[in-house]
Every structure is written in C-alpha cells, then in structure tokens.
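S.K.: After the structure tokens below, expect a handful of questions from me.
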Amino acid sequence: MSSIALFGVGRWGSHLLRNFLQHPEARVVAIVDPSLEQLESVAQRFEFDQRVFLTTQWQDALELSGLEAVAITTPGTTHNELITAALKQNLHVLAAKPLTLSFSESIQLCKLAEQQQRQLIVDHTYLFHPAVIRGREAVRKLGKLRYGCSTRSHLSPVRSDVDALWDLAIHDIAILNFWLGESPCAVEAKGSVWLQEGLADTVWATLTYPSGFQATLHLSWLNPDKQRRSCIVGENGSLIFDELAQDQLTVQWGKFDAQFKPIEQSREILEIPKQEPLQEVCNHFLDCVKHDRASEISSGWLGAELVQILVALSESMRLGKAIDIK
C-alpha cells in the first residue's frame, strides 16, 4: 500500500481524492490546499479521521515520515516548483495536465525524475478512457486517412490562469496523437479575445503530422452548445468519438462511387467497457509505483511532448504564422 499526499482539492482534485480513498492499494496521509475552507469541506465530505494531515503548507506535507508519492492538481503555474520539490524528496509524482507551462522546465523535470529514480506520470485522463483506447483499434480499419477535426467548447468554467488553448487543446492533441501513433511536426493557431485581456477565449488550431495528415481543433469558452467531439475521416469511413452522446464511439462506414455519390453506408456502434477513466489513472500510477516501472501510457516525457506542442501553438498565435516543431 502506497502512502500518498494530495496537493490541491478543487474540482478535479476532489475527484482524484475520492478515487485514492477508495483504492485498496492507496493510503491518503495528507491533503494540501491553500484554502482552509476547502480543507474543512473535503474533511466533512469524506469523513476523515485524525490520521489524515490537513495543511495549507505543502512543505510540511513533504516532510511526513513514510510518504511515498504525491498527486498534484494545483494550477499549472505551480507545477514546476512542487514537482521539483517532491522529486528531490525521492517521492513519486502524479501531476495534472499540463506538466508545466514551459517545455524546457518539463524536460528538466523528466531528467530529474530519472536521476532520482522516481516515477513521474501525468494525468492525461483521456488516454485511459475506454472509448479512446477502443478508437485506436478502429482507426486502423479506416484505410488511408484523410483528415481529422475536434471540437471542445462550453460556456463555463472560464479560467483566469491560462487561455482556452492551454485549458482545452491538450485533451484533443493527446487523443489524436494516441490514435495516429505520431506527433505533429507543424502547428498553426489563431485566437480571439473577448472576456479577459491577453487570454484567448476561442481558438482555431491546425496540426500537421509527419505522415501528411492534418487535424483542425475548435476550442472555446463562448459556445452555448457544449461539445466534446473528435472525428477522423478515412477512405473507408469515419470514426466519431462524441463524449456527450448516448453512443459515444461510432464508425460511419461508406465510400464514394465514380460520380462521388456516397455508397455502402452503414453505422456501427462500438461497444466500450464501463469504467471510470480517472480510476484507471489511479490504478496505473499505483502499479507503476509498486513495481517501480516507467509509464508506457502517460509518462512525464509524453507530458513534455504535449507541452512542446502547446508552446508552439501559443507562439503561432503570437506571431500569426505556422510553427515547425523539431
């Protein structure tokens, strides 16, 4: 059983806390949050006993005897400092996305984790979603791929620490990279600002992959039509992952005839197991800690790669041109 401290128990941190409290291989020994009110709220909600250390000072939690791992769900601006401190204390780390807001900092954290022989894993939850896993198998049956598109939009929450690109795009990029088995070599993005100066509320992005495949992303905090939808179009059909639909994962089979009329059309609903992706994240993290094994799904290195892509997209928005990724 691994002893874990949680840093940050806001909306996502509370979900992570629930999963660790229910896990037979985890023992939550400390919870850190800058808000005393938040600490008192989760203490009442989950009925903690006095063995769980509650504090607003993360440094105090790192000094606890027997602590083996930390789960960090604080804002991305704090990640570099917190993860560095935890790794230097020889602790395993599960970090919320993004790993950091800097590619160079992300790389340094990965190197530090290897130096300390500790596991650094990033909570890219969609990589553990059964529909995303099943979708990777389906992509291989689509024939030659033509293009992809994703939409992730809503009216709230609107964040003040990062823009819509950094808040939303990382999910769809992680899914597309996983399905395609490759990472973009060039990106381009345009954003619009209405609500908060300097923070784009709506972003259109294009990802170009080494294979020539291209995908467009629509990301927005200003869309009353909440959407969580990704699609890959191939010569034999289209794979659609619509997280808000009753049938989340479908394939629309069909081709064009010589006159470019759709033929051989059919719709297949792909069965996916019922499981909570975040629970699978916790299972994976604890298994990697127990066996001291690097993650093959969502390592720090993968997290750093996604940060590199986001940094390039931000640079594209700033300069108004496409950016190559080396």
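S.K.: Based on what the data block shows, is Asp172 surrounded by 23 or more Cβ atoms within 10 Å (Cβ to Cβ), modelled with pLDDT of 95 or more and among the charged types (D, E, K, R)?
M.R.: Here the answer is yes, as Asp172 does meet what is asked.
S.K.: Out of all the residues in the stretch 77-119, which are closer than 23 Å to Ala312 by Cα and not in a helix (DSSP H, G or I)?
M.R.: Those that are closer than 23 Å to Ala312 by Cα and not in a helix (DSSP H, G or I): Ala95, Ala96, Lys97, Pro98, Leu99, Thr100, Leu101, Ser102.
S.K.: Please state which of the following conditions Gly143 fails to meet, knowing it meets all the rest: (1) over 26 Å from Leu217 (Cα atoms); (2) modelled with pLDDT of 95 or more; (3) more than 22 Å from the chain's Cα centre (by Cα).
M.R.: Answer for Gly143: the failing condition is (1).
S.K.: OK, next. Filter the stretch 74-104 down to residues that are surrounded by fewer than 16 Cβ atoms within 10 Å (Cβ to Cβ) and under 26 Å from Asp172 (Cβ atoms) and give me whichever is modelled with the highest pLDDT.
M.R.: The residue in question is Ser104.
S.K.: Restricting attention to strands (runs of 3 or more DSSP E) lying wholly within the stretch 1-73, give those where 2 or more residues are crowded, with 20+ Cβ neighbours inside 10 Å. Spell out how you get there, then give the answer.
M.R.: On the way: elements: 2-7, 26-32, 53-55, 69-72.
In the stretch 1-73, the matching strands (runs of 3 or more DSSP E) lie at 2-7, 26-32, 69-72.
S.K.: OK, next. Output the number of residues of the stretch 291-326 satisfying the condition of being touching a helix residue (DSSP H, G or I) at 6+ places or on another chain (Cβ under 6 Å) and of a type in the set (S, T, N, Q).
M.R.: So the count comes out to 3.
S.K.: Here's another thing I want to ask about it. Go over the candidates Leu176, Leu207, Leu217 one by one and state the one that is touching a residue at least 12 places away in the same chain (Cβ under 8 Å), within 24 Å of Glu243 (Cα to Cα) and outside any strand (DSSP E or B). Full working, then the answer.
M.R.: Values: Leu207 fails: outside any strand (DSSP E or B); Leu217 fails: outside any strand (DSSP E or B).
On inspection, the qualifying residue turns out to be Leu176.
S.K.: I'm trying to understand the selection: among the residues of the stretch 244-266, which are more than 15 Å from Leu142 (Cβ to Cβ) and free of Cβ contacts under 8 Å to residues at least 24 places away in the same chain?
M.R.: Correct list: Leu244, Ala245, Gln246, Asp247, Asp257, Ala258, Gln259, Phe260, Lys261, Pro262, Ile263.
S.K.: Can you confirm whether the stretch 266-286 contains a residue that is outside the structural domain of Leu199 (by TED's automatic domain parsing), touching a Cys at 6+ places or on another chain (Cβ under 7 Å) and surrounded by 15 or more Cβ atoms within 10 Å (Cβ to Cβ)?
M.R.: Checked the stretch 266-286: no residue is outside the structural domain of Leu199 (by TED's automatic domain parsing), touching a Cys at 6+ places or on another chain (Cβ under 7 Å) and surrounded by 15 or more Cβ atoms within 10 Å (Cβ to Cβ).
Per-residue answers, yes or no, for (1) in the same structural domain as Leu155 (by TED's automatic domain parsing); (2) surrounded by 14 or more Cβ atoms within 10 Å (Cβ to Cβ); (3) in contact with a Gly (Cβ under 9 Å, 6 or more places away or on another chain):
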| site | (1), (2), (3) |
| --- | --- |
| Phe178 | yes, yes, yes |
| Asp201 | yes, yes, yes |
| Thr206 | yes, yes, no |
| Leu219 | yes, yes, yes |
| Leu222 | yes, yes, no |
| Val233 | yes, yes, yes |
| Ala245 | yes, no, no |
| Gln252 | yes, yes, yes |
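S.K.: Just give me the residues in the stretch 113-169 being acidic (Asp, Glu), crowded, with 23+ Cβ neighbours inside 10 Å and within 22 Å of Gly191 (Cβ to Cβ), in sequence order. Walk me through how you get there before you give the answer.
M.R.: The initial filter retains those residues of the stretch 113-169 that are acidic (Asp, Glu), namely 114, 123, 137, 161, 163, 167.
Now narrow it down to the ones that are crowded, with 23+ Cβ neighbours inside 10 Å: 123, 163.
Answer for the stretch 113-169, where residues must be acidic (Asp, Glu), crowded, with 23+ Cβ neighbours inside 10 Å and within 22 Å of Gly191 (Cβ to Cβ): just Asp163.
The values are calculated or read from the model by the stated rules, or taken from the named source; none is laboratory data. Since the structure is predicted, the reported quantities are computational estimates derived from the model, not experimental observations. Note that each Cβ is placed from the backbone with ideal geometry, even for glycine, and that neighbours are counted across all protein chains shown.
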